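Here is the structure we will look at.
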Amino acid sequence: MTTTRDVPSVQAHELDRRHRWIVVAICCMSLFIVGIDTSGLNLALPSIQDDLSTSYSQLQWVVDAYTLVIAGLLMLSGSMGDRFGRRRVFRLGLTLFGVGSLLCSVAPSIGVLIAARMLQAVGGSMLNPVAMSIITNTIHDPRERARAIGMWGGTVGLSLALGPVVGGALVDAIGWRSIFWLNLPIAVAALVLTTRFVPESRAERPRRFDPVGQLCVMVLLASLTYAIIEGRSLGWTSAPVVGCFVAATLALGLLVAYERRRREPLLDPRFFRSVPFSGAVVTAVLGFAAMGGFLFLNTLYLQDVRGLSPFAAGLMTLPMAGMTALCSPFSGRVVGVRGPRLPMVVAGAGISVSALILLTLRSDTSYVVLAVAYLAFGVGFGSLNAPITNTAVSGMPRAQAGVAAAIASTSRQVGTALGVAVFGAVTLGRLDGSVRTGLAASSRAGWALMLACGAGILVLALVTTSPWALHSRDRVAAEID
């Protein structure tokens, strides 16, 4: 039974400043464990492969099964929070994420591990958009909200960057299962703090569920990713792969046609008339594709080619983690004061410079050169998250902030899934010989893709912050409100 002790008696708009920032910190805590888990798992992939006797495509599924489920359910979870209560759904997400982590830690086979990762993702899908909706409905002052979003974006970058270091240390000292043990105490702490400090809130008029649109999104993402990952082994012209590409195309066509006719669509097409919003979505896909591919390929390179232990491989990513930790909060402050253009330019430039260095990768490349490449990537990725989130939600009516944040979060997950799938497919597809002898050369195709991602972010930084783009944002906001 609900008691006055475990339900805050004030509404979100009545909280004092200290209480508001406690709520922000709790939301960021949930995001931190998701990020640590996502990126830290990459350092465990070779150990999982040895322990569970998996193929490289199965390793890709360990990562992508999680990101695909999250991407497919984020919009549904956001609308559930609006309808049933954001605090209630947030607590359910923490519980499912913790249970999924526990099952991952005891998985006896790769199939069970992938299934447990999917359960984790169901819980994770209830954390990110719902937490952002809690923040935007708790903090109404634009400047204070910009700082909160900067803290949010910094947490995303920091957790993803620290994941390889923490994951490598745990795998080396205890084993790959310990990565999932780490989630349990943090999830429990976040659950207790949420019960104590986070007030319940709902949308005044919650959006209707859209099962057709939801199904189309899930079919589109799952079939496209399956075709990309399995195309190398099954053959790009094989019936399953061609069938998946056809299913993805049909799902996309049906989604667009159906959503345009709905009064309350899962993906409101009007959002995408805002150039900054559309730019934030594409930027998220490009930036997180670069991150997903970067982590996947570097894990294989450092451990399977250079022979480093998981902990040593994690230490090699410290320049990236350090620069991400420094740049993420700074980027948030710059966005709050000067807008998103400068951080986006820095993000695109950093990722591009890292890709240019990694294009020279050899089996005996100096560790100093690798450290410079990782440092540049950390600068770029650390500058990326705050402008993505701020651009996605700024200018939108507060009632639509949760939906806008969910779309941006979905774009991040789609980018990560595509990065692992596409970077892995083009690299392993060009592999000549064993991974140990041929990966450095074949990975250049992946680094070329990363360079294209960085260049795309640079272009979007200039286009989406132009006066023409800002006018489109204001016009859409007035239309939706």
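The values are calculated or read from the model by the stated rules, or taken from the named source; none is laboratory data. Remember, it's a predicted structure, so these values are computed and weren't measured experimentally. Neighbour counts run over all protein chains shown; Cβ positions are idealised from the backbone, glycine included. To get the accessible areas, we keep the full protein, side chains included, count just its heavy atoms, and leave off ligands, DNA and RNA. Shrake-Rupley method; radii C 1.70, N 1.55, O 1.52, S 1.80 Å.
Within region 258-275, take every residue that is over 19 Å from the mean Cα position of the chain (by Cα) and in contact (Cβ under 8 Å) with a residue 60 or more places away in the chain and give me the one that is surrounded by the most Cβ atoms within 10 Å (Cβ to Cβ). Before the answer, list the steps.
Step one: of region 258-275, the residues over 19 Å from the mean Cα position of the chain (by Cα) are 258-266, 268-275.
After this cut, where a residue has to be in contact (Cβ under 8 Å) with a residue 60 or more places away in the chain as well, the list is 266, 268, 270-271, 273-275.
Working: Leu266: 26, Asp268: 19, Arg270: 16, Phe271: 20, Arg273: 15, Ser274: 28, Val275: 21.
Per the criteria, the residue is Ser274.
Could you list, in sequence order, all residues of region 168-183 that are open to solvent by 50 Å² or more (accessible area, probe 1.4 Å) and touching a residue at least 12 places away in the same chain (Cβ under 8 Å)?
Initially, region 168-183 is screened for residues open to solvent by 50 Å² or more (accessible area, probe 1.4 Å), giving 172-174, 177, 181-182.
Within region 168-183, Asp172, Ala173, Arg177, Trp181, Leu182 meet the criteria.
Testing Ser366 on (1) touching a residue at least 60 places away in the same chain (Cβ under 8 Å); (2) open to solvent by 30 Å² or more (accessible area, probe 1.4 Å); (3) polar (S, T, N, Q), one condition comes back false. Which one is that?
Answer for Ser366: the failing condition is (1).
Just to be sure, is Leu375 modelled with pLDDT of 90 or more and either in contact with an Asp or Glu (Cβ under 8 Å, 6 or more places away or on another chain) or open to solvent by less than 10 Å² (accessible area, probe 1.4 Å) (or both)?
Values: modelled with pLDDT of 90 or more: yes; either in contact with an Asp or Glu (Cβ under 8 Å, 6 or more places away or on another chain) or open to solvent by less than 10 Å² (accessible area, probe 1.4 Å) (or both): no.
For Leu375, the condition - modelled with pLDDT of 90 or more and either in contact with an Asp or Glu (Cβ under 8 Å, 6 or more places away or on another chain) or open to solvent by less than 10 Å² (accessible area, probe 1.4 Å) (or both) - is not met.
Determine the pairs where a residue that is under 21 Å from Pro185 (Cβ atoms), located within region 83-100, has a partner that is open to solvent by 10 Å² or more (accessible area, probe 1.4 Å) and of a type in the set (Val, Ile, Thr) with Cβ atoms under 8 Å apart, the partner being 6 or more residues away or on another chain.
Cβ pairs passing all conditions: Arg91/Thr195; Leu96/Val122; Phe97/Val34; Gly98/Val188; Gly100/Val122.
Considering only residues that are touching a Lys or Arg at 6+ places or on another chain (Cβ under 7 Å) and not hydroxyl-bearing (Ser, Thr, Tyr), which ones fall in region 451-469? If you could, list the steps in order and put the result at the bottom.
So the first thing to find is which residues in region 451-469 are touching a Lys or Arg at 6+ places or on another chain (Cβ under 7 Å), and the list is 461, 465.
Scanning region 451-469 gives a single hit, Ala461.
Enumerate the pairs (first residue in region 437-453 and of a type in the set (Lys, Arg); second residue anywhere and open to solvent by 50 Å² or more (accessible area, probe 1.4 Å)) with beta-carbon separation below 8 Å, excluding pairs fewer than 6 apart on the same chain, so at least 6 apart or on different chains.
Matching pairs, first to second residue: Arg444/Leu359.
Among the listed residues Leu221, Leu250, which satisfies the condition of being surrounded by 21 or more Cβ atoms within 10 Å (Cβ to Cβ), modelled with pLDDT of 80 or more and under 27 Å from Ala65 (Cα atoms)? Break it down stepwise before answering.
Values: Leu250 fails: surrounded by 21 or more Cβ atoms within 10 Å (Cβ to Cβ).
One residue alone meets the criteria, Leu221.
I need the full set of residues from region 343-362 which are farther than 15 Å from Phe381 by Cβ and either among the polar types (S, T, N, Q) or free of Cβ contacts under 8 Å to residues at least 12 places away in the same chain (or both), in order please.
Hit for region 343-362 is Thr360, nothing else.
Looking only at region 457-481, how many residues end up being open to solvent by 20 Å² or more (accessible area, probe 1.4 Å) and under 25 Å from the mean Cα position of the chain (by Cα)?
Number of matching residues: 7.
Look at Val337 and say whether it is open to solvent by 20 Å² or more (accessible area, probe 1.4 Å) and in contact (Cβ under 8 Å) with a residue 12 or more places away in the chain.
So Val337 does not fit the description; no.
Listed residues Ser238, Ser328; which is among the small types (Gly, Ala, Ser) and at pLDDT below 85? Steps first, answer last, please.
Values: Ser238 fails: at pLDDT below 85.
Step by step, each of Ser238, Ser328 is checked, and only Ser328 is among the small types (Gly, Ala, Ser) and at pLDDT below 85.
Under 21 Å from the mean Cα position of the chain (by Cα) and assigned to a helix (DSSP H, G or I), is that true of Ser233?
Values: under 21 Å from the mean Cα position of the chain (by Cα): no; assigned to a helix (DSSP H, G or I): yes.
Here the answer is no, as Ser233 does not meet what is asked.
Is it the case, given these coordinates, that Arg83 is in a helix (DSSP H, G or I), among the charged types (D, E, K, R), open to solvent by less than 50 Å² (accessible area, probe 1.4 Å) and out of contact with any helix residue (DSSP H, G or I) (no Cβ under 6 Å at 6 or more places or on another chain)? Walk me through it before giving the result.
Details: in a helix (DSSP H, G or I): yes; among the charged types (D, E, K, R): yes; open to solvent by less than 50 Å² (accessible area, probe 1.4 Å): no; out of contact with any helix residue (DSSP H, G or I) (no Cβ under 6 Å at 6 or more places or on another chain): yes.
It is false that Arg83 is in a helix (DSSP H, G or I), among the charged types (D, E, K, R), open to solvent by less than 50 Å² (accessible area, probe 1.4 Å) and out of contact with any helix residue (DSSP H, G or I) (no Cβ under 6 Å at 6 or more places or on another chain).
Please find, within region 296-319, the residue that is farthest from Ser409 (Cα to Cα) out of those that are open to solvent by 20 Å² or more (accessible area, probe 1.4 Å) and among the aliphatic types (A, V, I, L, M).
Leu308
Hey, does region 156-167 have a residue that's under 28 Å from Leu103 (Cβ atoms) and surrounded by fewer than 23 Cβ atoms within 10 Å (Cβ to Cβ)?
yes
Looking at Gly279, Gly293 in this structure, which one is of a type outside the set (S, T, N, Q), touching a Leu at 6+ places or on another chain (Cβ under 9 Å), open to solvent by less than 10 Å² (accessible area, probe 1.4 Å) and modelled with pLDDT under 90? Lay out the reasoning, then the answer.
Values: Gly293 fails: modelled with pLDDT under 90.
Going through Gly279, Gly293 in turn, just one is of a type outside the set (S, T, N, Q), touching a Leu at 6+ places or on another chain (Cβ under 9 Å), open to solvent by less than 10 Å² (accessible area, probe 1.4 Å) and modelled with pLDDT under 90: Gly279.
Please pick out the residue among Ser442, Ser472 that is touching a Lys or Arg at 6+ places or on another chain (Cβ under 9 Å) and at pLDDT 85 or above.
Values: Ser472 fails: at pLDDT 85 or above.
On inspection, the qualifying residue turns out to be Ser442.
Return only the number of the condition from (1) open to solvent by less than 20 Å² (accessible area, probe 1.4 Å); (2) within 23 Å of Tyr226 (Cα to Cα) that Leu76 does not satisfy.
(1)
Given (1) at pLDDT below 85; (2) under 30 Å from Pro467 (Cβ atoms), where does Ala284 come up short, assuming only one miss?
(1)
Of Leu170, Leu103, which residue is in a helix (DSSP H, G or I) and modelled with pLDDT of 90 or more?
Details: Leu170 fails: modelled with pLDDT of 90 or more.
Being in a helix (DSSP H, G or I) and modelled with pLDDT of 90 or more holds for just one of Leu170, Leu103, which is Leu103.
Kindly indicate whether any position in region 45-57 is within 27 Å of Glu230 (Cα to Cα), of a type outside the set (Val, Ile, Thr), open to solvent by less than 20 Å² (accessible area, probe 1.4 Å) and under 18 Å from the mean Cα position of the chain (by Cα).
Scanning region 45-57 turns up no residue that is within 27 Å of Glu230 (Cα to Cα), of a type outside the set (Val, Ile, Thr), open to solvent by less than 20 Å² (accessible area, probe 1.4 Å) and under 18 Å from the mean Cα position of the chain (by Cα).
Would you pick out the residues in region 417-433 that are in contact (Cβ under 8 Å) with a residue 60 or more places away in the chain and either acidic (Asp, Glu) or open to solvent by 20 Å² or more (accessible area, probe 1.4 Å) (or both)?
Narrowing region 417-433 to residues in contact (Cβ under 8 Å) with a residue 60 or more places away in the chain: 417-425, 427-429.
The answer is Leu418, Val422, Gly429.
Let me spell it out: the conditions are (1) over 22 Å from the mean Cα position of the chain (by Cα); (2) at pLDDT 85 or above, and Arg398 meets all of them except one. Which number is the exception?
All conditions are met except number (2).
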